[in-house]
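The values are calculated or read from the model by the stated rules, or taken from the named source; none is laboratory data. No experiment lies behind these values; they were computed from the predicted model shown. Cβ atoms come from the backbone with ideal geometry, glycine included; neighbour counts cover every protein chain shown.
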Amino acid sequence: MKKIFEYSAFQIVEKIRNGELSSLEYINALFDRIKEVDSKIHAYLTVAKDMALDEAKEIDEKANKGEHLGSLCGVGMAIKDNICTESIRTTCSSKSLSNFTPSYDATVIERIRKEDAIILGKTNMDEFAMGSSTEYSFFGPTINPYNDERVAGGSSGGSAAAVAISEATASLGSDTGGSVRCPASFCGVIGLKPTYGLVSRYGLIAYANSLEQISPIVKDVRDLAILLNCIAGHDERDSTSLKVVKDDYTRFIGNDIKGLKIGVPKELFGHGTNKHVLKRVWDAIHVLEDLGASYTEISLDSLEYALASYYIIANSEASSNLARYDGLRYGFRSDEVNDWSDTFSKNRREGFGQEVKRRIILGTFALSAGYYNKYYLKAQKVRTLIKKDFDKAFKKFDILASPTMPILPFKLGEKLKNPLEMYMCDLDTVPANLIGAPAISVPCGSYDGLPIGIQFIAQPFKEGSLIQVSYKLEESLQD
Amino acid sequence: MGNIKIGLEVHSQLTNLNSKLFCSCPTDYRGKEANSYICTVCMGIPGTLPVLNKKAVEDAILIALSLNSKISDKMYFFRKNYFYPDMPKNFQISQYDKAGGITLATGGYVSIPNKKVRIRRIQIEEDPARITYEGTIYKSKSSLVDYNRAGIALLEIVTEPDMESPKEARIFLQKLSSILEHLDVCHSYLEGSMRCDANISMEGGKRVEIKNISSFKEVERALNFEMTRQRNLLIKGISTKMETRHWDEIRRVTISLRIKEEEEEYRYFPEPDLVPTIITKEWVETIKDKMPELPDAHKERLIKKYELSPQNADVLVNYKLLGDFFEKCAEIYYKPGAISNWLVGDLLGYLHEKGIQLQEMKISPVHITKMLKMVDNGIISGKIAKTVLEEMIISGKMPEIIVKEKGLIRIHSDELIEQLTNKVFEENKEAVNDALEDEKAMHYLIGQVMKLTKGRADPELTNKVVRDKLIEHKKLLEKKN
Amino acid sequence: MKIEKSLSKMEIKHLSWLAKIELTKKEEDLFSNQLNDILSYFQKIDEANVEDLPPTYHVIDISNVLRSDKSRPPNPEQALKNVPKLKGRYVKAPRIV
Ligand SMILES: [Zn+2]
């Protein structure tokens, strides 16, 4: 028998709607769970218990009165700490925002609240989403729920771990170069990075604007469809938000995949890839084959430039995005020294962690006079090259498949000494961000108790295809 | 001494917009409490995003058209990265013409007497916040930031170095501001709405930038100072170095900023939060259709329709508000020439003398036309009318009220003037004797009568009475002899 | 791989000045090594043949996202909520010169 906090979101909604479950009882159970496990996992930075319990009571009242209940009614959600939540502290896991309490809700927060979701709290991450392990957090790392010596992945490590260990029923993260797919893979849950422009970025504290999307993390594919239905859609406050006809993603659940064509880019199965990861991913591809899909190994030559291109673009944008943290208008403020310039420099030295500083310096360099063409502009052109390669591939294939992560969840501290080695973890995830395409990580087994994820990438706006194939895989692996 | 080349970088707020460039905050922040006209977007609060104001683009296109510039068919916004306490995000959303960037418009010119000042480019950007100090900038321990201005739409107009004297720079700016005023997009009379950086180079010297010139009046001053400074250096055989200097309005000198080279490193890159704007021919056409009358056409019309002197027409075009005021007056009263003389001469002179802005004066066209009628009907003298005009500007009272309150009606009474003339003749016997021979002395006597009536005596009548009296006096003397 | 570009400590100092982040001596040393490793990896894109390709500044093909010029009441309370130091209604900043 599943415990109450272990249910999927769609089950919770169903049970609350038909009066089988009290929202308050369920939310209380989640907070008990948090109390029980979070001292070990450290998924949460802030819990909003009072607010959540009040909302749960309201939902119970609504249910009693027979009033309309939203599509996420009662669902307890954890929110990555770079998504602004009114009156709930939002830190980006940075000292520089350690005292920042937004005065507004991000668009996605408005949308999930409108559908009666309940926010449990804010989750740990790499500082300003810069990292792949959630170790670069001012508040300390999140621990992998499957192995307490290993990382949860990042940067949305808290959001993934919370769902994995049922401290939340679903969560929101953000994905700039793999930041939900990586921890989803390491924690054995599902993470989807939507098409760029599908979900509003309004209220997402920017790391690399042209690459990132707010992204759901869930326990099963059906929950993903429900959550995506809620958060996707045009927002006039975000100029990069697309006006697309709203789809119902649940309609892809259960559709068979006979005739589905899968491309398998060999560059995403590079020789650095862990052999157990390779095995599980190929097993999954063969499962899909058994269900009527076909696969072909292909080559996307430009992918060898993807990681460098990604890091140049991301760091350049970051160096500009993070300029605003000078201590005047919000956030951490140090004592004044000398003039404004020295004070800003001191403030930022004290407010930022090392990885953030490193990336800002790198980005500043890539944009600086004399290097712009060599780095930033070149990287953006490489992006075009990669996009062309993918466009070609999508003419032949419905989806592409690869490992989400080339490695198993690694040990805490293992990659902290060598930043480049940490960057290399993102090899398979960054291409989707560069081309703006949707990509998902779905659990496909484990090795030595450590979860492994398979990644599917589709053409922009083909989230439906990802849901369709992921659901079929999930169904088969559960049997 | 060698040739002078002056180029200008004009920053003009689009003052006629209702909202800021990238957020919905209102724009009438002047005179409002500090930090009361702000929102999360213009304060650069984390997570917020900019959305471009359509009217700002249209106003900018209108300006570019009026300056004969080439409108780009596509434009991008770029981030200009630099730290300063007046920057909410520590980058400015601006435009850039390098690194694949395209600004709103390029090329064009402004005609001034005897030449065309070429425009290099026109771009849209956001205004930073305003910094004030406790005490002076040098002594203040801290600075205070008011973000009300942050995010106001700003147009940067960059000229080629085509001006050859500070005076020419001033004339260019006057013309430009008149154009903007005619377009009804920037009202330069609003404090700080038009600001300017200037660069000046003289033959044998390097280019010097002068920043922080807060108004057009100051531009000529700053350039004159800089010209003299550079000239003195050249005389001594020292060549000026390439540098940026700051105009100190209070001390009226330029000061070297000693900016490190790297401070000019702005690390421009395309603003990822904004998408490109495609400017179609159709869009430009619909904007062009709204193009109002521009200064040159306006001047021509004033001369043709009202038979004004070119000098008066020039002033009325340069001061567009006054020009509009004139036309309203001219609709009411049939003497446009006289009206224009009054407005361009006495009215504008008085406003300048008192430092009053045109839009601050409290009178309507009816004030002026009524006053003129009173003069034409002989109710008040021209001299009295000047007093009445000044009073009207300050108090807004109608001329007939002022004349009544102050007892300024012209004295037409023969009796009274005769009485006063007698009195003057009594008291100025010598002058009376002189006046028999000397016209000047006669005018003195007339003046004395006028003085006793504080100018209200009908001059013609007084003239007649004094003359008659003198003739009488002469006859009397002849009889005696 | 041939390392074409390496960052000297002077350059790191300059970059940290541009980025307004004071670095300790130790950080300068550490960063100088790490950043050079990373940069030499970045050099990989030098090989990419992209001569005739335009840059992908915006991954989605949309343009002309414009808002009508309507003003809404400002919201200073929201904007000022997190200001660390106010003086009256002004935001207090360090001295300029
Ligand atoms: Zn605003």
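How about the stretch B:136-167: which of its residues are within 16 Å of the ligand (Cβ to nearest atom), of a type in the set (Gly, Ala, Ser) and part of a strand (DSSP E or B)?
Step one: list which residues in the stretch B:136-167 are within 16 Å of the ligand (Cβ to nearest atom), which gives B:145-154.
Narrowing further to those that are of a type in the set (Gly, Ala, Ser): B:150-151, B:153.
Listed by number, the list holds a single entry, B:Ala153.
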Exercise. Can you tell me which of B:Glu203, B:Glu226 is out of contact with any Leu (no Cβ under 7 Å at 6 or more places or on another chain), more than 14 Å from every other protein chain (Cβ to nearest Cβ) and modelled with pLDDT under 85?
Worked result: B:Glu203
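Regarding the stretch B:232-241, can at least one residue be identified that is assigned to a helix (DSSP H, G or I), farther than 30 Å from B:Val344 by Cα and in contact (Cβ under 8 Å) with a residue 24 or more places away in the chain?
Step one: of the stretch B:232-241, the residues assigned to a helix (DSSP H, G or I) are B:232-235.
Next, only the ones that are farther than 30 Å from B:Val344 by Cα stay: B:232-235.
Now narrow it down to the ones that are in contact (Cβ under 8 Å) with a residue 24 or more places away in the chain: B:233-234.
Looking for residues that are assigned to a helix (DSSP H, G or I), farther than 30 Å from B:Val344 by Cα and in contact (Cβ under 8 Å) with a residue 24 or more places away in the chain, one finds at least one in the stretch B:232-241, hence yes.
Quick check, is B:Leu420 modelled with pLDDT under 90, under 30 Å from B:Asp468 (Cα atoms) and not in a helix (DSSP H, G or I)?
Details: modelled with pLDDT under 90: yes; under 30 Å from B:Asp468 (Cα atoms): yes; not in a helix (DSSP H, G or I): no.
It is false that B:Leu420 is modelled with pLDDT under 90, under 30 Å from B:Asp468 (Cα atoms) and not in a helix (DSSP H, G or I).
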Exercise. Say we look at the stretch B:39-49 and pick out the residues that are facing chain C (nearest Cβ under 7 Å) and without any contact (Cβ under 8 Å) to a residue 60 or more places away in the chain; which of these is farthest from the ligand (Cβ to nearest atom)?
Worked result: B:Ile45
For this session: Tell me, please, whether a residue that is within 30 Å of C:Val91 (Cα to Cα), surrounded by fewer than 23 Cβ atoms within 10 Å (Cβ to Cβ) and of a type outside the set (Lys, Arg) can be found in the stretch B:156-171.
Result: yes
Seminar exercise, completed: Note on the stretch A:391-415: residues over 22 Å from A:Trp282 (Cβ atoms) and in contact with a helix residue (DSSP H, G or I) (Cβ under 6 Å, 6 or more places away or on another chain) are A:Lys415
Seminar exercise, completed: Within the stretch B:424-464, the count of residues that are part of a loop (DSSP other than H, G, I, E, B), touching a helix residue (DSSP H, G or I) at 6+ places or on another chain (Cβ under 7 Å) and farther than 23 Å from B:Asp376 by Cα comes to 2
Exercise. Name the residues in the stretch A:43-79 that are closer than 14 Å to A:Ala168 by Cβ and of a type outside the set (A, V, I, L, M, F, W, C), would you?
Worked result: A:Tyr44, A:Thr46, A:Lys49, A:Gly74, A:Gly76
Exercise. In the stretch B:19-38, what residues are farther than 20 Å from B:Leu49 by Cα, more than 9 Å from chain C (Cβ to nearest Cβ) and of a type in the set (A, V, I, L, M)?
Worked result: none
Exercise. Which members of the stretch C:54-97 meet the condition of being hydrophobic (A, V, I, L, M, F, W, C) and more than 7 Å from every other protein chain (Cβ to nearest Cβ)?
Worked result: C:Leu86
Problem set entry | Within the stretch A:297-354, considering residues that are surrounded by 24 or more Cβ atoms within 10 Å (Cβ to Cβ) and of a type in the set (Asp, Glu), the one nearest to A:Asn433 (Cα to Cα) | A:Glu317
Seminar exercise, completed: When C:Leu39 is run through (1) at the interface with chain A (Cβ under 7 Å from one of its Cβ atoms); (2) of a type outside the set (Gly, Ala, Ser); (3) crowded, with 18+ Cβ neighbours inside 10 Å, the failure sits at (1)
Exercise. Is it the case that some residue within the stretch B:90-110 is surrounded by fewer than 18 Cβ atoms within 10 Å (Cβ to Cβ), more than 16 Å from the ligand (Cβ to nearest atom), among the hydroxyl-bearing types (Ser, Thr, Tyr) and at pLDDT 95 or above?
Worked result: yes
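Going residue by residue through the stretch B:309-322, is there one that turns out to be out of contact with any helix residue (DSSP H, G or I) (no Cβ under 9 Å at 6 or more places or on another chain), surrounded by fewer than 17 Cβ atoms within 10 Å (Cβ to Cβ) and free of Cβ contacts under 8 Å to residues at least 12 places away in the same chain? Step through it out loud before you land on a result.
Step one: filter the stretch B:309-322 for residues out of contact with any helix residue (DSSP H, G or I) (no Cβ under 9 Å at 6 or more places or on another chain), giving none.
No, the conditions are met nowhere in the stretch B:309-322.
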Problem set entry | Number of the exception - B:Ala56 against (1) among the small types (Gly, Ala, Ser); (2) away from the ligand (no atom under 15 Å from the Cβ); (3) not in a loop (DSSP other than H, G, I, E, B) | (2)
Seminar exercise, completed: Residues of the stretch B:117-135 being within 14 Å of chain C (Cβ to nearest Cβ) and within 16 Å of the ligand (Cβ to nearest atom), in sequence order, are B:Pro128, B:Ala129, B:Arg130
Problem set entry | Among (1) part of a helix (DSSP H, G or I); (2) under 23 Å from A:His276 (Cα atoms); (3) of a type in the set (Ser, Thr, Tyr) - the single one A:Ser402 does not satisfy | (1)
Exercise. With respect to the numbered conditions (1) surrounded by fewer than 16 Cβ atoms within 10 Å (Cβ to Cβ); (2) at pLDDT below 95; (3) within 8 Å of chain A (Cβ to nearest Cβ), which one is the sole condition not fulfilled by C:Glu51?
Worked result: (3)
For this session: Residue by residue through the stretch A:50-89, note down the ones that are more than 18 Å from A:Ile12 (Cβ to Cβ) and either in contact with a strand residue (DSSP E or B) (Cβ under 9 Å, 6 or more places away or on another chain) or small (Gly, Ala, Ser) (or both).
Result: A:Met51, A:Gly66, A:Lys80, A:Asp81, A:Asn82, A:Ile83, A:Cys84, A:Thr85, A:Ser87, A:Ile88, A:Arg89
Problem set entry | Checklist (1) more than 24 Å from the chain's Cα centre (by Cα); (2) of a type in the set (Gly, Ala, Ser); (3) under 18 Å from A:Met424 (Cβ atoms) applied to A:Gly259, failing item | (3)
Seminar exercise, completed: Within the stretch A:415-441, the count of residues that are away from chain C (no Cβ under 11 Å) and in contact with a Gly (Cβ under 6 Å, 6 or more places away or on another chain) comes to 4
Exercise. So B:Asn16 clears everything in (1) more than 8 Å from chain C (Cβ to nearest Cβ); (2) more than 10 Å from the ligand (Cβ to nearest atom); (3) in a loop (DSSP other than H, G, I, E, B); (4) buried (at least 21 other Cβ atoms within 10 Å of the Cβ) except one condition, right? Which one?
Worked result: (4)
Exercise. Among the residues of the stretch B:74-85, is there at least one that is out of contact with any His (no Cβ under 9 Å at 6 or more places or on another chain), within 16 Å of the ligand (Cβ to nearest atom), touching a residue at least 24 places away in the same chain (Cβ under 8 Å) and under 25 Å from C:Arg72 (Cα atoms)?
Worked result: no
Seminar exercise, completed: Selection from the stretch A:185-242 of residues basic (Lys, Arg), more than 18 Å from A:Glu317 (Cβ to Cβ) and facing another protein chain (nearest Cβ under 8 Å) yields A:Arg237
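Those residues that are within 12 Å of chain B (Cβ to nearest Cβ) and more than 19 Å from B:Tyr82 (Cα to Cα), I need them from the stretch A:350-373; list them, please. Please lay out each step first, then the result.
Of the stretch A:350-373, the ones within 12 Å of chain B (Cβ to nearest Cβ) are A:360, A:363-373.
A:Asn373, the sole residue that qualifies.
In the stretch B:106-135, which residues are hydrophobic (A, V, I, L, M, F, W, C) and part of a loop (DSSP other than H, G, I, E, B)? Lay out the reasoning, then the answer.
The initial filter retains those residues of the stretch B:106-135 that are hydrophobic (A, V, I, L, M, F, W, C), namely B:110, B:112, B:117, B:119, B:122, B:124, B:129, B:131.
The one that is hydrophobic (A, V, I, L, M, F, W, C) and part of a loop (DSSP other than H, G, I, E, B): B:Ala129.
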Exercise. Which condition number does B:Gly2 fail, the rest of (1) at pLDDT below 95; (2) buried (at least 21 other Cβ atoms within 10 Å of the Cβ) being met?
Worked result: (2)
Exercise. Under the condition of being in a loop (DSSP other than H, G, I, E, B) and polar (S, T, N, Q), which residue from the stretch C:50-84 is farthest from the ligand (Cβ to nearest atom)?
Worked result: C:Thr56
